[in-house]
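Student: Let me begin by handing over the structure; questions about it come next.
The values are calculated or read from the model by the stated rules, or taken from the named source; none is laboratory data. From a predicted model like this one, the values you see are computed outputs, not experimental measurements. Cβ: placed from backbone, ideal geometry, glycine included. Neighbour counts: every protein chain shown. Just the protein is used for accessible areas: all its heavy atoms, side chains included, with ligands, DNA and RNA removed. Shrake-Rupley method; radii C 1.70, N 1.55, O 1.52, S 1.80 Å.
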Amino acid sequence: MTTKTIIIFFICTPILIGALLIRGCVTTMQPPMEKIASAELAISRAQDSNARKFAPVELRSAQDNLQNAKESVQNEDYDKATRLAEQAFLDATLAETKAEKEIANQAAKEMRDSIETLRQEINR
């Protein structure tokens, strides 16, 4: 090897390695379609659990966040879309849980009322 070749090798090698490392560190963000689909499914489950009646604020928040996530995908702001889709999923899950809790509370109240009615009948 000539001195010129050695100098070029020692100058170009770190530059190439640096370029490869930078390229490896830079990730191209993809639209968070799985998270959006999960949020849509969670909203659907919440609606099936009567969240419109028992948790309308949380359900509305989930729907708004999902819509904003879809708009962020259109604007290619994938970080924001990801956060909004995750928040929509959480809001929908909360709405579903609140609705199921309220339904369970109503069933428990009906059961207590039935037991009280039976006690009154027995004591007559």
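Student: What list of ³J(HN,Hα) couplings, whole Hz, do you get for segment 108-113 from phi and the Karplus terms 6.51, -1.76, 1.60, once you set θ to phi - 60° and write x for glycine and proline?
Tutor: Per residue, the Karplus-derived 3J(HN,Hα) values read 5, 5, 4, 5, 4, 4 Hz.
Student: Mind grabbing the accessible area of Ser72 for me, 1.4 Å probe, Å², rounded to tens?
Tutor: Taking all protein chains as shown, Ser72 has close to 10 Å².
Student: Then there is this: Compare the peptides 84-95, 58-69 by average per-residue count of other Cβ atoms within 10 angstrom and give them in order, highest first.
Tutor: Highest-to-lowest ranking by the protection proxy: 84-95, 58-69.
Student: Take the Cβ-Cβ distance between Glu71 and Ala104 as r, set R0 to 30 Å, and report the resulting FRET efficiency rounded to the nearest 0.05.
Tutor: Taking R0 as 30 Å, the efficiency between Glu71 and Ala104 is 0.25.
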